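The values are calculated or read from the model by the stated rules, or taken from the named source; none is laboratory data. None of the values given here were measured: they were computed from a predicted structure. All Cβ positions, even for glycine, are placed from backbone atoms using ideal geometry, and neighbour counts span all protein chains on display. Keep in mind that these areas ignore ligands, DNA and RNA; they rest on the heavy atoms of the full protein, side chains included. Shrake-Rupley method; radii C 1.70, N 1.55, O 1.52, S 1.80 Å.
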Amino acid sequence: MGRGTLTIDLDAVAANWAALDAESAPGCATAACVKADGYGLGAAAVAGRLATAGCTTFFVAMAEEGATVRAAVGDGPRIGVFSGHMPGDGSMLGDLDLTPMLNSVEQMTRHFETLPGHPFGIQLDTGMNRLGLEPADWEAVRDVALAQSPWLIMSHLACADEPDHPMNSAQLAVFTEMTGGINVPLSLAATGGILLGADYHFDLTRPGIGLYGGLPFATATPTLRLDVPVIQIRTIARGETAGYGNSWTATRETRLATIASGYADGLIRAASNRAVVFADGTPCPVVGRISMDLVTVDVTHLAQPPDTLEILGHQTPDAFATAADTIGYEVLTALGPRYLRRYSGATT
């Protein structure tokens, strides 16, 4: 087989959800963010497994993602849509019972006119300047919005992965002020916010990256392994180069393995000459530039030439991300469609 195999442990995802649920304050529910195709692991499989674990609320980025999750979890669970009610979304929101998180006065008007009586939530901007009603806009429409009985009012922390960052307490203060005296469920914390403590939990938390084994949930159970076949092995002399641009030169006689993966499969090019992969737990350096479909790896130190090399498993997505000066989120969500995805712990 000429493509890599991504093995995903759905039971580990469920265990991470349960662990984050246990971190939440008493009376606080725990949802699950399954946007971006379940952070690259497969939204349908992840949501289906989490539903059996007891999760009743899911979040996606856009209505089209909600359609995939609804098909997986069936009727009943709540599916919130972070992008709100966009033009043309009315039929999908209504037919699939999706709950838009309204971000602006314009979206509120669209939703109330297009789907009167349909459930909705509200997103407030507490300083991230990305999505949500700003304080002045919220003050202007607050009474109208509350009269329509929103399901949830939420905001999002900008620096939750830095526990000592002053932005965390500043946003908490703004959110508390904007929602003061409101008898509506509230939500502020995703994974990082959960770990900041009970003051940030309110009525509902929305973990994302922590479900999939990523930081800042340092004690998360690993959820995936990525193995890639070796296409060819060659021995090159000292002074020879490998890959585009001659960016790596052999300092000794070197045995190189060329593996069937590249930046088209999510192996970020910036990790060239810096990342490592593994052969039965033994680290092997990536040498030369990562190209579209291929990566060359120094396997001189191995007793036997390998048939496959492991990219993720012994190392986490965050560890691989460090070599590319990025974050584990990008590594996970970039995992390409060419990988064969195999699930363990699946319920169907």
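Count Lys and Arg as plus one, Asp and Glu as minus one, and take only other residues whose Cβ is under 15 Å from that of Ser104; the net charge is then -4. Counted by Cβ distance under 12 Å from Val297, the other residues give a net charge of 0, where Lys and Arg count +1 and Asp and Glu count -1.
Each Cα pair under 8 Å and six or more residues apart adds its sequence gap; the mean of these over the residue count of region 204-348 is a relative contact order of 25 percent.
Protein-only accessible surface at a 1.4 angstrom probe places the residues Leu302, Leu332 in the order Leu302, Leu332, largest first.
When you restrict to C-alpha pairs under 8 Å that are six or more residues apart and normalise by the size of region 38-95, the relative contact order lands at 35 percent. Within the accessible surface of the chain, defined with a 1.4 Å probe on protein heavy atoms only, the carbon and sulfur portion equals 51 percent. Residues of region 260-284 with an amide N closer than 16 Å to a point placed 7 Å from the Cα of Thr249 along the Cα-to-Cβ direction: none.
Beta bridges per DSSP, both residues in the chain: antiparallel share near 55 percent. Taking log10 I(q)/I(0) by the Debye sum over Cα atoms at q = 0.07, 0.09, 0.15 Å⁻¹ straight from the coordinates, which label in (i) -0.35, -0.56, -1.17; (ii) -0.57, -0.76, -1.18; (iii) -0.30, -0.50, -1.41 is the correct one? Read-out from the structure maps to (i).
These residues, Asp11, Asp164, Asp89, go from largest to smallest accessible area, 1.4 Å probe, as Asp164, Asp11, Asp89. Exposure here means at most 15 other Cβ atoms within 10 Å; with GluC sites (Glu not before Pro) in a DSSP loop as sites, the longest stretch of the chain lacking them is 1-239. Each Lys and Arg adds +1 at its Cβ and each Asp and Glu adds -1 at its Cβ; summed about the Cα centre, the chain shows a dipole of about 1200 debye.
Computed on protein heavy atoms with a 1.4 Å probe, the accessible areas place Arg238, Arg206, Arg342 in the order Arg238, Arg342, Arg206, largest first. Across region 256-261, computed HN-Hα scalar couplings (Karplus, 6.51 cos²θ - 1.76 cosθ + 1.60, θ = phi - 60°) run 10, 10, 9, 10, 8, 7 Hz from first to last residue, x flagging Gly and Pro. Quick one: Cα centre-to-centre distance for region 74-108 and region 1-49, in angstrom? Region 74-108 and region 1-49 have Cα centres separated by 22 Å. Considering only alpha-carbon pairs that sit under 8 angstrom and 6 or more positions apart, the relative contact order computed for the chain is 19 percent.
Annotation: amide H of Gly266 within the under-5 Å range of Gly336, sequence separation 5 or more or interchain, hydrogens built in the peptide plane.
The charge dipole of region 97-156, taken about its Cα centre with unit charges on the Cβ of Lys, Arg, Asp and Glu (plus for the first two, minus for the last two), comes to roughly 120 debye. The residues neighbouring Arg252, those whose beta-carbon lies less than 14 Å from its own, together hold a net charge of -1 under the Lys/Arg +1, Asp/Glu -1 convention.
Note on region 111-129 and region 235-269: Cα centroid distance 51 Å, given to the nearest whole angstrom.
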